[in-house]
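Below is one structure, written out as structure tokens, with a few remarks after it.
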Amino acid sequence: MARPHIEPYVELDSPYKKFNLGGFKGSHYKVLSLDTDTGACTLKVRFDGGYRRKPGLSYSDVEIFLLNGSMQVGKETWREGHYAFLPAGTALGAIRVAQGAEALVMYNDSEPTFVESDRHHPLVLGDAFVSMNSYEDAPWASGSVVSPSVATGCMIKLLRFDPITEAFSFLYCLAPRYGQDNISYHDCAEESYHIWGTSWMMQFGDLPTGGYFWRPPYINHGSFRCTYGTLAFGRTDSVLYNYFHYNPWTNPDENQLRAAAFQYRKRPQLYNWVASDGHNHPHGPPDFETPDYGDEAQVRLLHGQPVGGSPGRRRGKRR
Amino acid sequence: MAKRVQDLKPARKADAQAWMKENVAEQKKRYAAIVKEQEELGPEREKWVAGFLKIIQTKGFNVTGDVRRIIKPGEIPKKPKGMKKHQVVF
């Protein structure tokens, strides 16, 4: 299996452990989530004053978000709010920490690895490299970057976007007295760490400062409330689409079927092509919210089924 | 298929195996604790759900952004028969 559903997890009272593995040996870490097969993980790492690491690279894509403190990384000084995306094989400069720092460190492909090197690996996909201070170098934008969209009062700073999967990493904030009255789920996994503030979801209750979740696809979350404001770091593992609804009791299987039903209605050609390979639901998958949608004329027309006097056309045949 | 740096990762050594074993075991415990904690929230969650179902019939349901739709009483979903607990962690 991949990473389990970890939600909510408030890590502040959990102890740090010595980091004895390649990666950031000599620091201290706690695991926020871990893929039990690949070793991909999200860690919170504490670098004590005097920490040093030689230049080197990892065999995994790595993301780092500096929560507090500062560190010298090669010729750059990273301060709180610094975000870096290091494509696998990126040689990061020598690290020196004078006063101490804490960071979220994410290995996206495997357990932590480290090879001492001052040169990038020849196969590195260097164009994907990002290094920026998210607090100072990126503007807040409306959270309505996708549609259907979140309610006004949720804003994001886009830090990294993967054009292949449309996965993205971002800062987000919720304004004081934020509210959104719907239940959401996505096709993607979603991850968040609360840098400051408390927000509330109808399933899980309060998520305070230091609160974290790794949520696999199709799991209900929301409605949403935030009383005093929240600042958080978030990521998805692929494109994020907001499937909103108002049935509190659906499970991930039902939600996934509903998502497939959306495809059936909205992308009929694609759906038919996909379904032709042994996953055939000739009348569309069940949709807990609109169980009779298959009777709708427009849906039947899209799928070449008889409507009125029309005999329909052979299923899947292109016009 | 083009090779990627990830493809060249050496096999996991003993120290990494031990690291995985230790942290997978701890994560299992953490997961169990989360499930227990969330199950204990059950009675409170029922009140939250009741409040939500009331709000979407009065103030409305956020269809997208700030666009709301008042949900009619006949559209309100019913708790599935036989559902003993409302599972939220999967």
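Need the failing condition index for residue B:86 against (1) more than 7 Å from chain A (Cβ to nearest Cβ); (2) in a loop (DSSP other than H, G, I, E, B), just the number.
(1)
Scan segment A:83-106 for residues that are assigned to a strand (DSSP E or B) and small (Gly, Ala, Ser) and report the count.
Residues in segment A:83-106 being assigned to a strand (DSSP E or B) and small (Gly, Ala, Ser): 3 in total.
Please enumerate the residues belonging to segment B:49-83 that are at the interface with another protein chain (Cβ under 7 Å from one of its Cβ atoms), in a helix (DSSP H, G or I) and of a type in the set (A, V, I, L, M).
B:49, B:55, B:56 - these are the residues of segment B:49-83 that are at the interface with another protein chain (Cβ under 7 Å from one of its Cβ atoms), in a helix (DSSP H, G or I) and of a type in the set (A, V, I, L, M).
Go through (1) touching a Leu at 6+ places or on another chain (Cβ under 7 Å); (2) not in a loop (DSSP other than H, G, I, E, B) one by one and return the number of the condition residue A:127 breaks.
If we test residue A:127 against (1) touching a Leu at 6+ places or on another chain (Cβ under 7 Å); (2) not in a loop (DSSP other than H, G, I, E, B), just (1) comes out false.
Looking at residue A:115, is it of a type in the set (Val, Ile, Thr) and either open to solvent by 10 Å² or more (accessible area, probe 1.4 Å) or farther than 25 Å from residue B:5 by Cα (or both)?
yes
Hey, among A:22, A:49, which residue is more than 18 Å from the chain's Cα centre (by Cα) and within 9 Å of another protein chain (Cβ to nearest Cβ)?
Answer to the check: A:22.
Quick test of your reading of the structure: residue A:262 fulfils all but one of (1) part of a loop (DSSP other than H, G, I, E, B); (2) under 22 Å from residue B:65 (Cα atoms); (3) more than 19 Å from the chain's Cα centre (by Cα). Name the failing condition by number.
Unmet for residue A:262, out of (1) part of a loop (DSSP other than H, G, I, E, B); (2) under 22 Å from residue B:65 (Cα atoms); (3) more than 19 Å from the chain's Cα centre (by Cα): (1).
If I ask for residues that are charged (D, E, K, R) and in contact with a strand residue (DSSP E or B) (Cβ under 6 Å, 6 or more places away or on another chain), which ones from segment A:91-114 would you list?
Matches in segment A:91-114: A:96, A:102.
Would you pick out the residues in segment A:174-199 that are more than 14 Å from chain B (Cβ to nearest Cβ) and aromatic (Phe, Trp, Tyr)?
A:193, A:196, listed by residue number.
Which of the residues belonging to segment A:117-152 are within 30 Å of residue B:13 (Cα to Cα) and either without any contact (Cβ under 8 Å) to a residue 12 or more places away in the chain or within 14 Å of chain B (Cβ to nearest Cβ) (or both)?
Once the filter is applied, which keeps residues that are within 30 Å of residue B:13 (Cα to Cα) and either without any contact (Cβ under 8 Å) to a residue 12 or more places away in the chain or within 14 Å of chain B (Cβ to nearest Cβ) (or both), segment A:117-152 yields A:117, A:119, A:120, A:121, A:122, A:123, A:124, A:125, A:126, A:128, A:129.
With respect to the numbered conditions (1) at the interface with chain A (Cβ under 7 Å from one of its Cβ atoms); (2) more than 30 Å from residue A:40 (Cα to Cα); (3) open to solvent by 30 Å² or more (accessible area, probe 1.4 Å), which one is the sole condition not fulfilled by residue B:8?
Failing condition for residue B:8: (2).
Take segment A:159-185 and flag every residue that is open to solvent by less than 10 Å² (accessible area, probe 1.4 Å) and in a loop (DSSP other than H, G, I, E, B).
Correct list: A:167, A:181, A:182.
Residues checked against (1) more than 21 Å from residue A:11 (Cβ to Cβ); (2) in contact (Cβ under 8 Å) with a residue 60 or more places away in the chain; (3) in the same structural domain as residue A:289 (by TED's automatic domain parsing):
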residue	(1), (2), (3)
A:202	yes, no, no
A:209	no, yes, no
A:217	yes, no, no
A:241	yes, yes, no
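The values are calculated or read from the model by the stated rules, or taken from the named source; none is laboratory data. In this text the structure is predicted, and so the values were computed from the model without any measurement. A quick note on method: Cβ atoms are made from the backbone with ideal geometry, for glycine too, and the neighbour counts reach across all protein chains shown. Calculation scope for accessible area: heavy atoms of the full protein, side chains included, ligands and nucleic acids excluded. Shrake-Rupley method; radii C 1.70, N 1.55, O 1.52, S 1.80 Å.
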